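See below for the structure under consideration.
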Amino acid sequence: MDTPKIFESEYRFCDILWENEPISSGALVRLAGERLGWKPTTAYTVMKRLAERGVLVNEKSSVRSLVGRDEVRRAEIDELVEKRFGGSVPAFMAAFAGSRRLSEAELEELRRLIESMRE
């Protein structure tokens, strides 16, 4: 199953959910009001849309995610690499690394990651 697309404002809402799940729908709506400045109707509408798309489930006023933060991040990166770099991870890495200086620790972490992918 493909990871559902989550838009920016929905992602911020999901961040609150991921940090607090399982959480009552009322508490989630209250936190969305505090952190995002949303009215309850907005939070309930977003919650309903995310449930319809299979991102979360709201059962008996208890909300939990069906899609994790890491899964969403991976799907977004995959989409970016496909759309902007023709699916080429080396082209993506060259563009990413070309825009910033990587520390020795970051380079070593990338080396270990690449080596683990060979195994």
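Bear in mind these aren't lab numbers, they're just calculated from the coordinates by the rules spelled out. It should be emphasised that the depicted structure is a prediction, and the values quoted were computed from it without experimental measurement. Quick reminder, even Gly has a Cβ in these numbers, built from the backbone with ideal geometry, and neighbours come from all protein chains shown.
Pop the C-beta distance of Leu36 and Lys60 into the FRET formula with R0 = 25 Å and round what comes out to the nearest 0.05. Between Leu36 and Lys60 the formula returns 0.55. Find the centroid of the Cα atoms in region 49-119 and in region 2-20, then give the distance between the two in whole Å. Each part's Cα centre sits 14 Å from the other's. Candidate cross-link partners of Lys39 among the lysines, defined by an alpha-carbon separation under 17 Å and a same-chain spacing of 8 or more, comprise Lys48. Legend: P(r) of the chain from all alpha carbon pair distances, 10 Å bins from 0, whole percents, reading 12, 34, 24, 21, 9. Each Lys and Arg Cβ is given +1 and each Asp and Glu Cβ -1; about its Cα centre, region 8-69 then shows a dipole of about 140 debye. Using just its DSSP H runs of length 4 or more, each adding -39500 (n - 2.57), the chain gives a mean residue ellipticity at 222 nm of -21500 deg cm²/dmol after division by all residues. Put a dot 7 Å past the Cα of Arg12, heading toward its Cβ, do the same for Ala91, and the two dots end up 3.3 nm apart.
Given 37 °C and 0.692 mPa s, compute D for region 8-69 with the Stokes-Einstein relation, Rh being the Kirkwood radius over Cα pairs; round to the nearest whole µm²/s. Intermediate results must be reported in sequence, preceding the final value.
Numbers: Rh = 11.1 Å.
In µm²/s, the coefficient rounds to 296.
Taking the charge dipole of the chain about its Cα centre, with +1 at Lys and Arg Cβ atoms and -1 at Asp and Glu Cβ atoms, the residue from Ile6, Gly98, Ala32 reaching farthest to the positive side is Ala32. The simple Förster model, with R0 at 22 Å and r as the Cβ-Cβ distance, assigns Asp70 and Glu106 a FRET efficiency of 0.70. Overall, region 33-91 carries a charge dipole of about 260 debye about its Cα centre when +1 sits on the Cβ of Lys and Arg and -1 on the Cβ of Asp and Glu, all other atoms neutral. Excluding same-chain neighbours fewer than eight residues apart, the lysines reachable from Lys83 by a Cα-Cα span under 17 Å are Lys5.
Around the Cα centre of the chain, unit charges on the Cβ atoms of Lys, Arg, Asp and Glu (plus for the first two, minus for the last two) sum to a dipole of about 480 debye.
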